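Okay, so here's the structure we're looking at.
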Amino acid sequence: QVQLVESGGGLVQAGGSLRLSCAANTRTFSTYTMGWFRQAPGKGREFVAAIRWTGYTYYADSVKGRFTISRDNAKNTVYLQMNSLKPEDTAVYYCAGQPWRATTDESDFDSWGQGTQVTVSS
């Protein structure tokens, strides 16, 4: 497993933006599919976005057009740029990673960060 450390969460007003970062401590980061998941209070964890080692991206319908996932392999870091935030985006956001496989299923990811809180006020 790889150690993942998220940062960048916080409190923002509806319509605002935040950028989350997730740093990984592996030399093989460039081969990883990296994903972002979130868990709202009282709800299960859900997929948000993922990016393959090829750069191909996947998004949940609820964030498509508002969120952008990207990666910097030189820095072993994946980002989630969140624009036009809504109160329903309030959740703990988790970074996850797994080598090679193209997937958005959380059960396929074997490395997880500790999570970072995002709160969007109305």
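The values are calculated or read from the model by the stated rules, or taken from the named source; none is laboratory data. Since the model is a prediction, treat every value here as computed from it, not as a measurement. Cβ sites come from the backbone with ideal geometry, for glycine too, and all protein chains shown count toward neighbours. Quick note on the areas: whole protein, heavy atoms, side chains included, nothing else; ligands and nucleic acids left out. Shrake-Rupley method; radii C 1.70, N 1.55, O 1.52, S 1.80 Å.
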### Message
All but one of (1) assigned to a loop (DSSP other than H, G, I, E, B); (2) farther than 22 Å from A102 by Cα; (3) aliphatic (A, V, I, L, M) hold for L11; state the number of the condition that does not hold.
### Response
(1)
#### Entry: For S111: the one exception among (1) exposed (fewer than 15 other Cβ atoms within 10 Å of the Cβ); (2) in contact with a strand residue (DSSP E or B) (Cβ under 6 Å, 6 or more places away or on another chain)
(1)
### Task
For the stretch 52-61, name all the residues that are under 20 Å from L85 (Cα atoms), open to solvent by less than 60 Å² (accessible area, probe 1.4 Å) and part of a loop (DSSP other than H, G, I, E, B).
A60
#### Entry: Residue list for the stretch 73-93, filter: open to solvent by less than 40 Å² (accessible area, probe 1.4 Å) and not polar (S, T, N, Q)
V78, Y79, L80, M82, L85, D89, A91, V92, Y93
### Task
Just give me the residues in the stretch 69-98 being farther than 23 Å from P41 by Cβ, within 11 Å of the chain's Cα centre (by Cα) and in contact (Cβ under 8 Å) with a residue 60 or more places away in the chain, in sequence order.
Y79, Q81, G97
### Query
Which members of the stretch 35-68 meet the condition of being free of Cβ contacts under 8 Å to residues at least 24 places away in the same chain, basic (K, R) and farther than 17 Å from V120 by Cα?
K64
### Task
Might you let me know whether the stretch 3-20 holds any residue that is without any contact (Cβ under 8 Å) to a residue 60 or more places away in the chain and within 22 Å of V120 (Cβ to Cβ)?
no
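Quick one: in the stretch 4-44, of everything that is hydrophobic (A, V, I, L, M, F, W, C) and over 26 Å from A74 (Cα atoms), which residue is most open to solvent (accessible area, probe 1.4 Å)? First the steps, then the outcome.
Keep residues of the stretch 4-44 that are hydrophobic (A, V, I, L, M, F, W, C), which gives 4-5, 11-12, 14, 18, 20, 22-24, 29, 34, 36-37, 40.
Applying the additional criterion that residues be over 26 Å from A74 (Cα atoms) yields 11-12, 14, 40.
On the way: L11: 131, V12: 22, A14: 53, A40: 25 Å².
Residue satisfying both the conditions and the ranking: L11.
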